[in-house]
């Protein structure tokens, strides 16, 4: 069995810095093999960690004391209005300014899902500008957002992206009604709706509709990091939701209350995502490899540490996680481990941690993690793993510095590679794929396609549904098997360029195999085309890597959850508060009838 | 025409699907889309070429792949039969690259009868990304897609600051600073001059160390960077066409299709 490739240099240096050169072997012993952690089911169980992008962005924001200041916020009692925020960032690369505008629309009584097929008809939409645009440019952009017509909306490269969102009406109304009555909303009600008032569905950036391309950010810009622009737009939707409920309540009642900071912090921002995420993960496999190696390395480091360190911290985190899972409800528990089960399991784990020997022989966290994995479901185990990573923040933060480096990797074919060498790489790294029998019934049942409904990604049945010839790439197993078969038709010493000359499209497969060969955790070990593959597996994984909590499949193809719940408020971020905010405890409800 | 800014990432994303609509499989289209974006950003009219050349590109995509052979000097040659450089340009560069890297000298590949010679610069950039010095020679043939680019040569040179480009017409001599082995490209120029209606595309590459930036370098890297920052100005008709091509790859909606979307119960 070939061993996994070595860590990238940058991560090896992190290991050396924290553990010395002998640490490489210690940490390698705790790295999980891809066969164990790269299957769709295993990936589905993974939880947001300190190395998830939302957490990394939050850390950067707090470290650099980003200032988010409302310049203008006006909306009427129905929520129709405009907002402008100024953002100032004193980053290590110098000062940067951003401007955020949001157009909030009058509530029309229709709860919107936020699918791509529904176009741009949403309850609000925000846009982030690089720099400080003049009033004319802001008015121009407001006019674009005003149209809510996806077919005609278009912007320019001074906008990083648009973040649309819809109300989660029941919970939004509860908060507005409470504030208008001069009271605080009930946190338990907010928690029963997974903790958000506005829910985003999609980010329209990275060139879409004329927005700035990722490569177009100025060097060293704070948003020139994978997913930072997307997630910052999302965080600002959360801020709009907080400001919006207060403004609507104020418009309805002169005696309206404002949210207490505890409850405002408890409000996150929702997100719903669909099957297109599976396609994105297959299109950018080096992203997956990067996220996974950072996560797995951080976990392996934590596992290699003695339980004598950080046991009290682990108890605090377990208490928070138990409270969180016990208080936040999700709408559908059919495809996940129910929260009450996770709570019960984490309580047992808490007892184990509390009973850890304080003295005597050292035990490493990995031993306990193995016990958790053997005793409970995968989601409990992964939540415990996420808490373990949290216990060693310095290492995780250092490892997370690799996220932009790994994502910047460029796929380029090596045309001079001899056929025999490529065959060896294929057998070493894709043995799992070559062993899959695609002749089995329903092993290639599905394909992904874009629908005429605004290009929404959908999953069809091969041979039945139309436009299979335009399927999106998801079939890396079939790709590997086709390549392996093709290689048998050429001399061992022929350069792969000769294969490409005969079949130009095979350049993709060849370059993919070549550029992933040096990366650990490079491919998802599963067949996405198979009948038994659930898209929600990978949607949940992607969202957890972004930083979503409570990723909840409402169907096998659609996942909802919450971001930034517990995240510090703008004034706290500007003051450089601590970044220990994830999995917030539910605030205590104010006494009914007592105005805040 | 009121030009409209188009993001580079937008061209790559939508271009991949647009090129698939013209008949390219995924692996070909995703490689070609970066050439399309580069061309639009640096030379302009990349999207126009896609619009005006739609039929010719699609017809070429349906034809068999060129059969490559080595000539008496060991250089790679093929008849493109009016296939576009979107499709047969990268393999030509791959063959030349392989020969240069394996042989320790130059690699050469030539195509007759290819269309899409506007993409020569993008192929030079691809060579530069590989750390190669390259000379591309292009002479549009009678079947070339409008707007027809001028015949001439393009040099891509690795420098410590990234690739530098020089370009000239056939009457202009190849740059003096060009590494000596690449001077054999004058043979391509001679052949291109006499290619007539068939047209000619030749690539000569050499693995070499970075060299000092040339004084007369053209501003293509700056144009590219600007396009990434602010977008590339394009004819709205071209952008509409890009999206129209993409939409051809979208399956018609139906009740069954809507049931295959994300939201809903199983």
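The values are calculated or read from the model by the stated rules, or taken from the named source; none is laboratory data. Bear in mind that the values here come from a model prediction, so they are computed numbers and not experimental data. Here the Cβ positions follow ideal geometry from the backbone for every residue, glycine too, while neighbour counts run over all protein chains shown.
I'd like the residue in region A:551-572 that is under 30 Å from residue A:64 (Cα atoms) and either within 14 Å of another protein chain (Cβ to nearest Cβ) or crowded, with 24+ Cβ neighbours inside 10 Å (or both) and, out of all such residues, is farthest from the chain's Cα centre (by Cα). Please lay out each step first, then the result.
If we filter region A:551-572 for residues that are under 30 Å from residue A:64 (Cα atoms), which is where we start, we get A:551, A:561-572.
Now narrow it down to the ones that are either within 14 Å of another protein chain (Cβ to nearest Cβ) or crowded, with 24+ Cβ neighbours inside 10 Å (or both): A:551, A:561-565, A:567.
Working: A:551: 10, A:561: 10, A:562: 10, A:563: 9, A:564: 11, A:565: 14, A:567: 15 Å.
Per the criteria, the residue is A:567.
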*Qualifying residue in region A:522-535 (condition: under 19 Å from residue A:407 (Cα atoms), crowded, with 21+ Cβ neighbours inside 10 Å and modelled with pLDDT under 95)*: yes
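Table: residues versus (1) in contact (Cβ under 8 Å) with a residue 40 or more places away in the chain; (2) surrounded by 15 or more Cβ atoms within 10 Å (Cβ to Cβ); (3) in contact with a strand residue (DSSP E or B) (Cβ under 6 Å, 6 or more places away or on another chain).
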residue	(1), (2), (3)
A:322	no, yes, no
A:327	yes, yes, no
A:345	no, yes, no
A:348	no, no, no
*Of the numbered conditions (1) buried (at least 16 other Cβ atoms within 10 Å of the Cβ); (2) touching a residue at least 60 places away in the same chain (Cβ under 8 Å); (3) under 19 Å from the mean Cα position of the chain (by Cα), residue B:144 fails exactly one; give the number of that condition.*
(2)
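Please enumerate the residues belonging to region B:2-15 that are more than 7 Å from chain A (Cβ to nearest Cβ) and closer than 24 Å to residue B:55 by Cβ.
Residues of region B:2-15 more than 7 Å from chain A (Cβ to nearest Cβ): B:2-4, B:11-12, B:14-15.
Answer for region B:2-15, where residues must be more than 7 Å from chain A (Cβ to nearest Cβ) and closer than 24 Å to residue B:55 by Cβ: B:11, B:12, B:14, B:15.
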*Among the numbered conditions (1) surrounded by fewer than 17 Cβ atoms within 10 Å (Cβ to Cβ); (2) modelled with pLDDT of 95 or more, tell me where residue A:373 comes up short.*
(1)
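Would you check if there is a residue in region B:11-19 being under 22 Å from residue B:113 (Cα atoms), crowded, with 20+ Cβ neighbours inside 10 Å and out of contact with any strand residue (DSSP E or B) (no Cβ under 8 Å at 6 or more places or on another chain)? Spell out the reasoning first.
Our first condition is that a residue be under 22 Å from residue B:113 (Cα atoms); within region B:11-19, this holds for B:19.
Next, from what is left, pick out any that are crowded, with 20+ Cβ neighbours inside 10 Å: B:19.
Filter once more, keeping what is out of contact with any strand residue (DSSP E or B) (no Cβ under 8 Å at 6 or more places or on another chain): B:19.
Yes: region B:11-19 contains one or more residues that are under 22 Å from residue B:113 (Cα atoms), crowded, with 20+ Cβ neighbours inside 10 Å and out of contact with any strand residue (DSSP E or B) (no Cβ under 8 Å at 6 or more places or on another chain).
In region B:223-237, which residues are away from chain A (no Cβ under 14 Å) and assigned to a helix (DSSP H, G or I)? Walk me through it before giving the result.
Here is the first cut: in region B:223-237, the residues away from chain A (no Cβ under 14 Å) are B:235, B:237.
Within region B:223-237, just B:237 meets the criteria.
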*How do the strands (runs of 3 or more DSSP E) wholly within region A:122-225 filter down when requiring 2 or more residues that are away from chain B (no Cβ under 14 Å) and farther than 17 Å from residue A:112 by Cα: which remain?*
A:124-130
_Within region B:16-34, does at least one residue satisfy the condition of being facing chain A (nearest Cβ under 7 Å) and in a loop (DSSP other than H, G, I, E, B)?_
yes
*What helices (runs of 4 or more DSSP H), lying completely within region A:327-406, carry at least 1 residues that are farther than 24 Å from residue A:580 by Cα?*
A:339-354, A:365-375, A:378-391
_With the structure loaded, tell me whether residue A:416 is within 12 Å of another protein chain (Cβ to nearest Cβ), in contact with a helix residue (DSSP H, G or I) (Cβ under 8 Å, 6 or more places away or on another chain), under 30 Å from residue B:100 (Cβ atoms) and surrounded by 14 or more Cβ atoms within 10 Å (Cβ to Cβ) or whether it fails that test._
yes
*Output the residues belonging to region A:423-477 that are loosely packed, with under 14 Cβ neighbours inside 10 Å and within 30 Å of residue A:149 (Cβ to Cβ).*
A:466
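A quick yes/no check of all residues on (1) away from chain B (no Cβ under 14 Å); (2) under 30 Å from residue A:339 (Cα atoms); (3) at pLDDT 95 or above:
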position: A:49; (1), (2), (3): yes, yes, yes
position: A:70; (1), (2), (3): yes, no, yes
position: A:80; (1), (2), (3): yes, no, yes
position: A:102; (1), (2), (3): yes, no, yes
position: A:110; (1), (2), (3): yes, yes, no
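Among A:52, A:48, which is the only one that is outside the structural domain of residue A:306 (by TED's automatic domain parsing), within 30 Å of residue A:3 (Cα to Cα) and touching a strand residue (DSSP E or B) at 6+ places or on another chain (Cβ under 7 Å)? Walk me through it before giving the result.
On the way: A:52 fails: touching a strand residue (DSSP E or B) at 6+ places or on another chain (Cβ under 7 Å).
Going through A:52, A:48 in turn, the sole match is A:48.
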*In the set B:73, B:101, which member is modelled with pLDDT under 95 and either surrounded by fewer than 24 Cβ atoms within 10 Å (Cβ to Cβ) or not in a strand (DSSP E or B) (or both)?*
B:73
_Against the definition (assigned to a helix (DSSP H, G or I), surrounded by fewer than 22 Cβ atoms within 10 Å (Cβ to Cβ) and in contact with a helix residue (DSSP H, G or I) (Cβ under 6 Å, 6 or more places away or on another chain)), how does residue B:48 come out, yes or no?_
yes
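When you look at residue B:78, is it at pLDDT 95 or above and assigned to a strand (DSSP E or B), yes or no?
Values: at pLDDT 95 or above: yes; assigned to a strand (DSSP E or B): yes.
Spelling it out, residue B:78 is indeed at pLDDT 95 or above and assigned to a strand (DSSP E or B).
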*When residue A:500 is evaluated against the numbered criteria (1) more than 24 Å from residue B:31 (Cα to Cα); (2) within 12 Å of chain B (Cβ to nearest Cβ); (3) crowded, with 23+ Cβ neighbours inside 10 Å, which criterion, by number, is the only one it fails?*
(1)
*Residue satisfying all of: in region A:486-497; in contact (Cβ under 8 Å) with a residue 60 or more places away in the chain and within 40 Å of the chain's Cα centre (by Cα); surrounded by the fewest Cβ atoms within 10 Å (Cβ to Cβ) among these*: A:487
